[in-house]
Amino acid sequence: MTFDPKAVRDFEHAGWQQAAAHYTTTFAHATRGFIDDLLDAAGVGTGMRVLDLACGPGHVASAATERRALPVGLEFSSAMIALARGDYPGILFAGGDAEALPSPRAHSTPL
Ligand SMILES: C[S@@+](CC[C@H](N)C(=O)[O-])C[C@H]1O[C@@H](n2cnc3c(N)ncnc32)[C@H](O)[C@@H]1O
């Protein structure tokens, strides 16, 4: 049996698309309790730019704004993005794949 990364990604994507509608009343109970510890560990505070990668419905990004940070959420599930944008209209949420981020090196000018 060979590992097929595309099949795994497609499976994950389909699962999160389906799970989005019930995420906040189910899965979020397992993650909410760690949000402050996560933001503390990353030193998130006033004026800090934060990339909330695989942001789901945006709860981490929202908590970051409560610390006066400047988050952007990135997520590959359009259903999750719709929830995040609906619940937190003041935060920028973008569609994108965490496995295909543009490399800063690709855009930087050599020194
Ligand atoms: C367990 S949820 C966590 C959501 C959020 N970070 C939180 O703590 O509430 C995992 C999220 O990662 C997203 N995700 C998984 N793989 C991804 C990828 N390659 N690119 C972008 N988002 C991805 C899923 O769509 C899902 O919303």
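The values are calculated or read from the model by the stated rules, or taken from the named source; none is laboratory data. This structure is a prediction, so every number in the text was calculated from the model and none was measured. FYI the Cβ positions are ideal-geometry reconstructions off the backbone, even for glycines, and counts take in every protein chain you see.
Assorted remarks:
- The set of residues in region 62-75 being out of contact with any helix residue (DSSP H, G or I) (no Cβ under 6 Å at 6 or more places or on another chain) and near the ligand (Cβ under 9 Å from one of its atoms) consists of Leu74 alone.
- Selection count where residues are outside any loop (DSSP other than H, G, I, E, B) and either within 20 Å of Gly86 (Cα to Cα) or of a type in the set (A, V, I, L, M, F, W, C) (or both), scope region 2-12: 3
- Any chance Glu99 is modelled with pLDDT under 95, closer than 27 Å to His13 by Cβ and either surrounded by fewer than 13 Cβ atoms within 10 Å (Cβ to Cβ) or of a type outside the set (A, V, I, L, M) (or both): yes
- Among residues of region 21-43 being assigned to a helix (DSSP H, G or I), farther than 17 Å from Arg67 by Cβ and within 15 Å of the chain's Cα centre (by Cα), the one that is nearest to the ligand (Cβ to nearest atom) is Thr31.
- Taking (1) closer than 21 Å to Gly90 by Cβ; (2) surrounded by 13 or more Cβ atoms within 10 Å (Cβ to Cβ); (3) under 16 Å from the mean Cα position of the chain (by Cα) in turn, Arg49 satisfies each apart from (2).
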